[in-house]
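The values are calculated or read from the model by the stated rules, or taken from the named source; none is laboratory data. If you're wondering where the values come from, they're calculated on a predicted model, not measured in any experiment. Using ideal geometry, Cβ is built from the backbone for each residue, glycine included, and neighbour counts are taken over all protein chains shown. Keep in mind that these areas ignore ligands, DNA and RNA; they rest on the heavy atoms of the full protein, side chains included. Shrake-Rupley method; radii C 1.70, N 1.55, O 1.52, S 1.80 Å.
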Amino acid sequence: MTDAAITFDRVTKAFGTVRAVDEVSFDLPRGALVTLLGPSGCGKTTTLRLVAGLELPTEGRITIEGRDVTRLAAAERRIAMVFQSYALFPHMNVLENVAYGLVVNGARKAAAETDALAMLKTLGLEGLGQRLPSELSGGQQQRVAVARALVLRPQVLLFDEPLSNLDARLRRRVREDIRDLQKRLGLSVVYVTHDQQEALAVSDLVCVMRAGKIAQMGTPNELYEDPADSFIADFMGEANVLDGEVLGPDRIALGGVALATRMRAHPAGPAQLAVRPESITLLAEGEGLPGRIQRAAFLGQTREYEVETAVGTLFVVAPAAAPAFAGGEAVRCRMERVIPLRPPRG
Amino acid sequence: MGALTLGRAALLCAALGMLLLPWHGLEGGPAELAAWPGGTAAPLVALLLSGARWWLWPVALLLVITAPPLLRGRAPGGLLVATGAGIILWTLAMGEAIGLRGLDWHWLAPLLGAPPPQPSLGWGALFVLVGATGLFASGLAARGAFGADAFVAFLVAGSAFLLLLFVFGPLFTILSAAVYEGDRFAPGALVARVTAPEAWSLACLATHEGCGVVWNTLLLATLTAVLSTMIGLFFALLAVRGGVRAAPLFRAMTILPLITPPFVVAMALIVLFGRTGIVTTFMWDWFDIPRSRWIYGLPGVLLAQVLAQAPIAFLLLDGALRAISPSLEEASATMGARRFTIFRTVTWPLLKPALAAAFLLGFVESLADFGNPLVLGGDFDVLSTRIFFAIAGARHDPGRAAALALLLLALTFGAFALQALWLGRRRYTTVTGKGDSGIPAPLPAGLKLTCGLVVWPWMLFTAAVYGVILVGGFVHDIGRGDMSFTWRHILTAFEVEWRDGFALRGSAWDSLLTTIEVAAIAAPITAFLGILLAWLIARQDFRGRRTLEFMTMLSFAIPGTVVGVSYVMAFNVPPIELTGTALILILCFVFRNLPVGVRGGLAALAQIDRSLDEASATMGAGAVDTLRRVVLPLMRPAIITALAFSFVHAMTAVSAVIFLVSARHNLATVYIVGRVEAGEMALAIAYSTVLIFIMLAVVLGIEKGVGRARLGRRAAPASPGLRNAPAAAPVRAGA
């Protein structure tokens, strides 16, 4: 057996003529939390449903823990899923909901309820067993859905946008809870989201999808610091994408101005360069790309600027402690770090 | 369920049918079983070995070749599909080819020679056919269809087979009957029949002769549709915008058509306006208006149909009018429009789709109505009654009946096609999820007056009609104005005697008990099958899903008379001989009312998020568990509603079953029509009253039950209550 919890081997899912998932291959390591990230319609949810067995692939092969599950229905795979809507059964109370999977898999009712109670306790839901789902808060419903999935001791746990129905404050706490639980129990988790912050915060690995294909897969750090192309650079957080030239190691030219910076190795010549807003330092004078402040905003922890330069308007985020500039002032932009991009694939 | 499990179960079922059960129907009842395994009770294997049914050897061989792989634990998809389909087709084809008179498909004579007569199929054949369907389905599942779920595959294949057999088969029979002249194939006869002057003559324009029956039917349907839509609209305007306190009464009135057998209104009209009717006599006594038979013919039928249809039009328009967001009208008012301008430019255009729906409904109901024209038509014939007399009248002519049935079918489908064309292009969403706190614009004063002038007299009229029905059963002779109280009619119909033990002596008991029994058997089957089909259509992805949905809904559009004629023609002779049995009544009800169950189920499923099914599947529940533990409990209100509807529809149906009843299995409605024709009006009215009360009890009781079920949880799907349900499933092609 390999170390992969889930393997996709050139998996395609077509709906009519639309290829929602297009020849996707990957290995997801065991015990890791992997997020599928991408804009809506990129195929991330379809990929998750292919893992779950809620869709069967048009072509290709899927294995879970070394077992070929390509043609197996959802019920025959050892997975569990937490739905975006939670999908709690409204006619059953919390305990019955959590015990459901055990009961339909043939467990005695009493044994199933003992297990379910233990799982409710693990998730801090003691005493809520007799409530109906409609009598719980959003966060509690979410935890019931997780309990219901975990009680089956699945080989893989799947989350479909689990935070989208929670308010912003609760989101951060719940995502940390999910991450803690995953680490504590050593679960293999696949997690779908369209929110890149959420993905960066919880994942061991992030898999960015676009138009049914994997655009890039890597650790959150790799994706943020070293995106493969302008799509990823833009999707993983804001970036100024500029046309410039690579002169040599750590040497670039923007708008005819030669600048020193830090960057990964890239052949010399014209290139697209991505610069994160926080990688630009504004100086009153000195070496840097000349520009003029167009707009300035104070946000408390940071200041945001729009700076007009020869290569276009730059979006800059500076710590509040740095010297402040007002609209109309002339500045120099020092590029602390740039990311040379490959052109987008496809 | 896996393909192999289903395949093995199907093999077992088919083997049972072939080896043990009598292949042919037991016409002489269970007594014939004494001869088993020989005689008329012989199983197929005995018939094959004795050489009596040598042409059925392929059935046995196909079954045998599926056994080795299935027993060894393999489910070879292609083989199972082919053998399953082969067994079904061969069994049915041979059943058609060789009938009671020996060979019927004469072109097969060189191959089959002169085989002995072959009676209809029985229990053994049924088991073999069910088994073959199972083999077919397990083969499909093994090939990966239906999400590899054999249970779903079996449900789809089984229901498709049943629909083909009991909806399409009879239609096909009627079509072929129309092109035969006696035993001779004569396509020319079809042309002659559907273009006959009987149908299309325009003589009435120039002379005193009657016009063609198609023109009569169209005229009646159009008038009924226009009048009932208009009256329904006046009621709705007054109820929603008129600020009248009687609005709840209007809505209560809409339950009446549901529980009234279609011809009961016609009887009441005769009592009121017939030659010796109450009103007629009053007019003669006080105003010297001569007695006449004006009620028999177009005016009477029209009046009866509008009485039945107007409340349903009201139901549709009431809903549509209430759904129009008042803020639209307020917006119009803020832009300076006056009351009448608002009504003309905003309210009226938004109502148009509902008006069209109400019109179509009235039109189609009128086309399909059989009871009222039969009782009140006089010389004014419409297609449905003409079809009946072509079968049941002195000149028994199935070919002519079939051709007329095709004409009626064409008119009905034409109406539906027009609606689809028209509605396909305009649909206004006036109910949004946003809160809406506007106040609806009041009616312009002139319009309110007009509405009142129509609505109140019509209410009075309806009250008079139902008053006659209520009173008529309990007075000596309401038809001649003898209004002294009596139990006589009720006793004639429902007398119970305790001398020498318990005995039901009343003349109506037989038909009433049969009706309740048949309705009580048909209703759960209808509800269950309908909900299952809805689940398949809404929740399973498979090729042919749209086709299945269309097949299910088709029987909705077929007028009852056509169904009746087609059942008589299709199931009167082997291979499937059902006429004269209670089974044919049950089957007829099940497949006619199926769309009601399917529609209700689809509406309920639309409220239940699909992720619930998926959650159940990801937790390891198969389709059976998911259905039983999640879907069906959540659909309980829809199931109960479907049960009630199919029960009530089965109790009030006339048009289809009048062809199918027999001396042993008579139904209440048919019995009542018989009493009307025999002139025993009081008895008929008394019986109708009893029927109406039984159905009222069922409907109200179930409505109460559903109401309570809905209180149980907050997240439950909002399923329409019984009173609103006709709006969801209104088109009954001829009760």
Q) Where the only charges are on Cβ atoms (+1 Lys, Arg; -1 Asp, Glu), what is the dipole of chain B about its Cα centre, to the nearest 20 debye? A) 2200
Q: Give me the percent of the accessible area of the protein assembly as shown that comes from carbon and sulfur atoms, probe 1.4 Å, all protein chains in place.
A: 61
Q) Can you give the calculated 222 nm mean residue ellipticity of chain B, where each DSSP H run of n ≥ 4 adds -39,500 (n - 2.57) and the sum is split over every residue, rounded to the nearest 500 deg cm²/dmol? A) -21000 deg cm²/dmol
Q | Cα Rg, Dmax, chain B, angstrom units | A | 28.1, 92
Q) Roughly how many nanometres apart are two label points built 7 Å out from the Cα toward the Cβ at B:F528 and A:V18? A) 3.9
**Q.** Spherically averaged projected area in nm², based on the convex hull that wraps the Cα atoms of segment B:278-416
**A.** 12.8
Q.
Just to check, using Stokes-Einstein with a Kirkwood Rh over alpha carbon pairs, what's the diffusion coefficient of segment B:512-629 at 4 °C and 1.567 mPa s in µm²/s?
A. 81
Q) Using 1/(1 + (r/R0)^6) with R0 = 60 angstrom and r between the beta carbons of B:A114 and A:S25, what's the FRET efficiency to the nearest 0.05? A) 0.35
Q | Calculated [θ] (222 nm, deg cm²/dmol) that DSSP helices of n ≥ 4 give over chain A, each run adding -39,500 (n - 2.57) | A | -7000 deg cm²/dmol
Q: Determine the shape class of the protein assembly as shown: with a ≥ b ≥ c the square roots of the Cα gyration tensor eigenvalues, call it rounded for a/c under 1.5, and otherwise prolate if a/b is greater than b/c, oblate otherwise.
A: prolate
Q | Point-to-point label distance, A:A268-B:F185, nm (Cα→Cβ direction, 7 Å offset) | A | 8.9
Q. So what does log10 I(q)/I(0) come out to for segment B:3-143 at q = 0.09, 0.16, 0.17, 0.21 Å⁻¹, using the Debye formula with one equal point on every Cα and no solvent?
A. -0.28, -0.81, -0.89, -1.17
(Q) Can you find, among B:L79, A:Q294, A:T261, the residue sitting farthest towards the positive end of the charge dipole of the protein assembly as shown, where Lys and Arg contribute +1 and Asp and Glu -1 at Cβ? (A) A:Q294
Q. How big is the gap, in Å, between the Cα center of segment A:98-122 and the Cα center of segment A:14-60?
A. 30
Q: Multiply the residue separation of B:S662 and B:A252 by 0.36 nm, subtract the distance between their alpha-carbon atoms, and state the gained length in nm to one decimal.
A: 144.0 nm
**Q.** Potential extension, A:V317-A:R184 segment - 0.36 nm per residue separation minus Cα distance
**A.** 44.2 nm
Q.
Just to verify a number: FRET efficiency for B:T486 and B:K704, C-beta to C-beta distance, R0 = 45 Å, to 0.05?
A. 0.85
Q.
For segment A:232-341, take N as its residue count and report Rg(C-alpha) divided by 2.2 N^0.38 Å.
A. 1.02
Q. Considering amide H positions built from the backbone, and no H for Pro or chain starts, which residues 5 or more places from A:Y86, or on another chain, come under 5 Å of its amide H?
A. none
Q. R0 = 35 Å: FRET efficiency of B:R291 with B:E209, Cβ-based, nearest 0.05?
A. 0.85
Q | Helical segments meeting 30 Å axial Cα length and Kyte-Doolittle 0.5 threshold in chain B (DSSP H) | A | B:213-241, B:298-323, B:398-425, B:445-472, B:509-539, B:582-607, B:681-711
Q | For chain A, built as a Gaussian network whose Cα springs stay under 10 Å, the top-fluctuating residue of A:D226, A:D177, A:D167 | A | A:D167
Q: Only Lys, Arg, Asp and Glu count, each charged at its Cβ (+1, +1, -1, -1), so figure out the dipole size of the protein assembly as shown about its Cα centre, rounded to 20 debye.
A: 800
Q: Once you have all Cα-Cα distances for segment A:4-231, histogram them in 10 Å bins from zero and send the whole-percent values.
A: 8, 33, 35, 19, 4, 0
Q: Among B:Q118, B:F235, B:V562, flag the residue with its Cα farthest along the positive direction of the charge dipole of the protein assembly as shown, charges on Cβ as +1 for Lys/Arg and -1 for Asp/Glu.
A: B:F235
Q.
Please give the Cα centre distance for segment B:73-110 versus segment B:566-610, rounded to the nearest Å.
A. 25
Q. For segment B:438-496 and segment A:246-317, what is the separation of their Cα centres, given in Å?
A. 88
Q: Enumerate the residues in segment B:84-122 having an amide nitrogen under 18 Å from the point lying 7 Å beyond the Cα of B:L20 toward its Cβ.
A: B:122
Q) Total Lys pairs in the protein assembly as shown closer than 25 Å by alpha-carbon, pairs eight or more apart in sequence or interchain only? A) 8
Q. Given labels modelled 7 Å from the Cα in the Cβ direction, how far is it in nm from A:T261 to B:F282?
A. 9.8
**Q.** Spin-label proximity, A:A211 to segment A:13-37 - amide N less than 19 Å from point 7 Å beyond Cα toward beta carbon
**A.** A:13-25, A:37
Q. Helix A:138-150: angle to the longest alpha-carbon principal axis of chain A, degrees 0 to 90, nearest 10?
A. 60
Q.
Which of A:V69, A:V190, A:V51 ends up with the largest GNM mean-square fluctuation for chain A, with Cα atoms connected below 10 Å?
A. A:V69
(Q) Please report Rg (one decimal) and Dmax (integer) in Å for the Cα set of segment A:102-187. (A) 13.3, 40
Q: With everything on Cα atoms, drop me the angle between helix A:168-185 and the longest principal axis of chain A, reported from 0 to 90° to the nearest 10.
A: 60
Q) With a ≥ b ≥ c the root eigenvalues of the C-alpha gyration tensor of segment B:214-467, is it rounded (a/c under 1.5), prolate (a/b larger than b/c) or oblate? A) oblate
